[in-house]
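Asks: Once you've had a glance at the structure underneath, I'll fire off some questions.
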Amino acid sequence: MSQFALTRTLPLDATAAALRADVATGLTRNPKELPPKWFYDARGSELFDEITLLPEYYPTRAEREILIGRATEIAGATGARTLVELGSGSSDKTRHLIRALPALDHYVPVDVSESALRGAAGTLLAEHPALTVHALVADFQYGLALPETPGPRLVAFLGGTIGNLLPAERVAFLTAVRSELAPGDALLLGTDLVKDERTLVAAYDDAAGVTAAFNKNVLAVVNRELGADFDPDDFAHVALWDARREWIEMRLRARTALVVKIPALDLAVHFAAGEELRTEVSAKFRRDGVAGELAEAGLRMSHWWTDEEGRFALSLSVP
Ligand code: AVJ
């Protein structure tokens, strides 16, 4: 008997209001900045799925290698009855975990996109008819009100998405996750690792230009939602490695001086020639750094697994 429920903790108009606020703040500050979560409309999600298939974009394959190779170990270490997946998207890698967890009977995918949640739930329920799926439409950066489900709970945050948060945001986020965990629960966290600059930059500046299109898609989102008149061709895709902060930055660089009108905000945004708008930070990690941030949030790392080439890590931690 399969069951499906969907709870929305994000008011319907909250997303629109958050976009307005982020655009108003981010495009009037210096340097200009937009948060990466606005990449992911239907087109952006499609482009991201394409990115995961690119030869240069290794994180998805590296993480899948670990999940497949270590699924039994992960299952043995947790005994989870409930799997909570933050930023579940298409729940593509999740099926390896679900298959490996013998006691699992509840799956709680959490995402800002209701359509992604409904699509993923449909696919998973077809494969696992005994599973109860309780999808949660929520922005996990602003508190997690998880539904009551049987423990032990395994909370998974995969893909290296934690790298999109700035260091202070990461600790706040991990602390919020920690507050949801009881003894016996665990957090499974995916983190991309520091490696040579060439490999890193290529992963964010692929030869086929898919990442460039993904980066520029945020301008199409602002055009559609706020009536702005960005011309994506006016901007160049930039991916650079910040060696001091150990993160990749994606930016959009204005090719010429230009003005963008954003009617919904009654705003005209001036770009100087060459001026850059930061659209994403994607932090890369080392084992000690991950363990340290987890410890700051009251979590103890119990396991650390990497792919054969040491490009990506999954860690398991407990309260
Ligand atoms: C989905 C956040 C893990 O940071 O690597 C891919 C997003 N950005 N290419 C990442 C992304 C550019 C991705 N995450």
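Asks: Examine segment 260-278 for a residue that is closer than 22 Å to residue 58 by Cα, at pLDDT 95 or above and not aromatic (Phe, Trp, Tyr), and state whether such a residue exists. Break it down stepwise before answering.
Replies: Going through segment 260-278, the residues closer than 22 Å to residue 58 by Cα turn out to be none.
No, segment 260-278 has no match at all.
Asks: Mind listing just one residue for me: the one in segment 261-319 that is of a type in the set (Val, Ile, Thr) and within 25 Å of residue 44 (Cβ to Cβ) and, of those, surrounded by the most Cβ atoms within 10 Å (Cβ to Cβ)?
Replies: Restricting attention to segment 261-319, the residues satisfying the condition of being of a type in the set (Val, Ile, Thr) are 262, 269, 279, 281, 290, 306, 318.
Add one more test, that the residue is within 25 Å of residue 44 (Cβ to Cβ), and what stays is 262, 269, 279, 281.
Values: 262: 21, 269: 20, 279: 26, 281: 20.
Result: 279.
Asks: Right, here's the next one. Could you tell me whether residue 212 is within 16 Å of the ligand (Cβ to nearest atom) and within 30 Å of residue 74 (Cβ to Cβ)?
Replies: no
Asks: Now for a different question. Within the set of pairs 6 or more residues apart or between chains, which connect a residue that is over 17 Å from residue 104 (Cβ atoms) inside segment 151-163 to a residue that is in a helix (DSSP H, G or I) and within 9 Å of the ligand (Cβ to nearest atom) with Cβ atoms less than 8 Å apart?
Replies: Cβ pairs passing all conditions: 159/59; 159/60; 160/59.
Asks: Okay, moving on. Does segment 157-169 include one or more residues that are buried (at least 20 other Cβ atoms within 10 Å of the Cβ) and more than 20 Å from residue 193 (Cα to Cα)?
Replies: no
Asks: What are the residues in segment 27-56 that are without any contact (Cβ under 8 Å) to a residue 60 or more places away in the chain and either touching a Cys at 6+ places or on another chain (Cβ under 7 Å) or away from the ligand (no atom under 14 Å from the Cβ) (or both), if any?
Replies: Residues satisfying the conditions are 29, 30.
Asks: I'd like the residue in segment 82-102 that is small (Gly, Ala, Ser) and closer than 19 Å to residue 180 by Cβ and, out of all such residues, is farthest from the ligand (Cβ to nearest atom). So that I can check it myself, show each step before the final result.
Replies: Of the residues in segment 82-102, the ones small (Gly, Ala, Ser) are 87-91, 100.
Within this subset, residues satisfying the condition of being closer than 19 Å to residue 180 by Cβ are 87-88.
Numbers: 87: 8, 88: 12 Å.
Here the answer is 88.
Asks: Quickly run through segment 108-130 and pick out the residues that are assigned to a helix (DSSP H, G or I), touching a residue at least 12 places away in the same chain (Cβ under 8 Å) and aliphatic (A, V, I, L, M). Show your work before the answer.
Replies: Our first condition is that a residue be assigned to a helix (DSSP H, G or I); within segment 108-130, this holds for 114-127.
Keeping just the survivors that are touching a residue at least 12 places away in the same chain (Cβ under 8 Å) gives 114-121, 123-125, 127.
Passing the criteria: 116, 117, 120, 121, 124, 125.
Asks: Quick test for you: out of 295, 313, 264, pick the one residue that is more than 16 Å from the ligand (Cβ to nearest atom), in contact (Cβ under 8 Å) with a residue 12 or more places away in the chain and at negative phi.
Replies: Only one candidate passes the filter, namely 264.
Asks: Hey, can you tell me all the residues within segment 275-287 that are within 16 Å of the ligand (Cβ to nearest atom) and either assigned to a loop (DSSP other than H, G, I, E, B) or over 28 Å from residue 17 (Cα atoms) (or both)?
Replies: Residues satisfying the conditions are 284, 285.
Asks: List the pairs whose first member sits in segment 57-75 and is more than 19 Å from residue 202 (Cβ to Cβ), whose second member is part of a helix (DSSP H, G or I) and more than 11 Å from the ligand (Cβ to nearest atom), and whose Cβ atoms are under 6 Å apart, counting only residues at least 6 apart or on separate chains?
Replies: Partner pairs satisfying both residue conditions: 67/96; 68/96; 71/96; 71/100; 72/100; 75/100.
The values are calculated or read from the model by the stated rules, or taken from the named source; none is laboratory data. It should be emphasised that the depicted structure is a prediction, and the values quoted were computed from it without experimental measurement. Cβ coordinates were reconstructed from backbone atoms using ideal geometry, including for glycine residues, and neighbour counts include every protein chain displayed.
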